[in-house]
Amino acid sequence: MSQTNAEVRTQSGLDNVIAAETVLSHVDGAAGRLIVRGFDLEEVAGYSVEAMLALLWDGFVDHACTEQDIRVALGKARVEAFATLGKIQPVAALSEVEELRLLLSRLPDASPTPHHLLAVAATAVFTAAIVRRRRGETPIAPDAKLGHAEDFLRMIRGTSVSKAHARALEAYLVTVADHGLNASTFTARVIASTRAGLLSAVVGALCALKGPLHGGAPGPVLDMLDAIGSEANIRPWLDDALADGERLMGFGHRVYRVRDPRADVLKRVASDLREGGRIRFAEKVEAVALEALAVHKANRKLETNVEFYTALVLEALGLPRTTFTNVFAVGRVAGWTAHILEQEQSGRMIRPQSRYVGPSPKQPLAA
Ligand code: ACO
């Protein structure tokens, strides 16, 4: 029996395929809930990065896995990652995420530092160094005594960081730490399943994250707000964009059919951080965009996703939009490493099949 277009589309995106069993996180798309190791997102959003890592790595690593142990080990790993930067010269032709990809791929498989710690540490250290070098500034060495989120922001800014800013960034990093079998995490698990090693799996995951349909969306969310410019222009701008077949960045999700719960957490973080004008404008754009999507995409329920308010949080922290995807990676590398460790511990090689629809050979195929 021939398949309908809708069936082919669903199949090509593996929409309802269970490709792994995991104890790490569950996305309930109908209820709009994210569960991380038995806790609702709302319960863990106040965790430190180290506490989130302890939660995710528990049972998968052979070192002590309390928040404090990880704080010490991660601080040391940041210092080690910084030493690998050495005299590597930035490559002007690369975007920031391409440069992060390059730097991470230089980490040797032979490194004696446990690779899950090195990957988390290096993603933050390299992201900070890339931002500074783009501004013509020298990278700043990590301070192993600080928490990961605070040190990351300090390495970017070169000055001490207020508690409010450190906490806001931490809330963002923890909120995006893990999210079921999203495209980058799936990529990491496929690579890990071949036993290629954790560092290779993280580099592959970053490559998947980089796409505008996944982790590349928050920068363009700000571009959209800027292009709209005024309240009067919201609806005409959105109508034109949708009529031209464009996708509105920060809206839609493969799994959520209701509002992404991460959007609510980050909306609160953004509102705590910044003056009301920008937030009020963004809220207006959000509300009108949902109305416009309901008209232009009536066959599909499209809601706000995590990237919309991510953009406002990261902007309020003074981070350049060119680095947003890398900052996403600084958070999501927690989930990638946990999934890689889980895959290495229990998973078989992932090797699905394709359905051949090419020309028939002279000798017909068996039915
Ligand atoms: N704006 C306009 N139309 C959209 C949007 C959007 N943001 N999202 C989906 N659609 C439309 C598509 O054009 C398509 O319409 P059609 O049936 O008329 O062709 C229909 O909805 C289904 O599109 P798919 O790509 O099959 O839907 P999918 O579930 O795979 O989409 C995705 C998920 C890729 C996130 C999509 O909603 C999108 O492109 N959003 C914008 C980019 C974005 O915000 N990405 C961040 C996602 S969150 C994250 O990854 C961390």
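Against the list (1) at pLDDT below 95; (2) crowded, with 22+ Cβ neighbours inside 10 Å; (3) over 17 Å from Ala177 (Cα atoms), the condition Arg280 fails is (2).
Being open to solvent by 20 Å² or more (accessible area, probe 1.4 Å) and touching a helix residue (DSSP H, G or I) at 6+ places or on another chain (Cβ under 6 Å) is the filter here, so list the residues in segment 166-193 that pass it. If the condition is that a residue be open to solvent by 20 Å² or more (accessible area, probe 1.4 Å) and touching a helix residue (DSSP H, G or I) at 6+ places or on another chain (Cβ under 6 Å), then Glu170, Ala183, Thr187, Ile191 are the ones that fit.
Only one of the numbered conditions (1) open to solvent by 50 Å² or more (accessible area, probe 1.4 Å); (2) modelled with pLDDT of 95 or more; (3) near the ligand (Cβ under 9 Å from one of its atoms) is violated by Phe328, and that is (1). Here Ala292 clears all of (1) surrounded by 16 or more Cβ atoms within 10 Å (Cβ to Cβ); (2) outside any helix (DSSP H, G or I); (3) small (Gly, Ala, Ser) except the condition numbered (2).
If you take the residues of segment 19-37 that are under 21 Å from the mean Cα position of the chain (by Cα), assigned to a loop (DSSP other than H, G, I, E, B) and away from the ligand (no atom under 14 Å from the Cβ), which of them is farthest from Ser354 (Cα to Cα)? Here the residue is Arg37.
For (1) closer than 28 Å to Phe60 by Cβ; (2) open to solvent by less than 40 Å² (accessible area, probe 1.4 Å); (3) in contact with a His (Cβ under 8 Å, 6 or more places away or on another chain), each residue gets a yes or a no:
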| site | (1), (2), (3) |
| --- | --- |
| Pro90 | no, no, no |
| Thr113 | yes, yes, no |
| Gly136 | no, no, no |
| Pro139 | no, yes, no |
| His148 | yes, yes, no |
| Met155 | yes, yes, no |
| Ser160 | no, no, no |
| Lys163 | no, no, no |
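Inside segment 257-293, residues that are near the ligand (Cβ under 9 Å from one of its atoms) and farther than 14 Å from Met224 by Cβ make up a count of 2.
With respect to the conditions (1) more than 14 Å from Ile228 (Cβ to Cβ); (2) in a helix (DSSP H, G or I), Asn299 lacks only one, and its number is (2).
The values are calculated or read from the model by the stated rules, or taken from the named source; none is laboratory data. Just so it is clear, the model here is predicted, and its values are computed rather than measured. Counting neighbours? That spans all protein chains shown, and the Cβs are built from the backbone with ideal geometry, glycine included. The accessibility values were calculated without ligands, DNA or RNA, using every heavy atom of the protein model including side chains. Shrake-Rupley method; radii C 1.70, N 1.55, O 1.52, S 1.80 Å.
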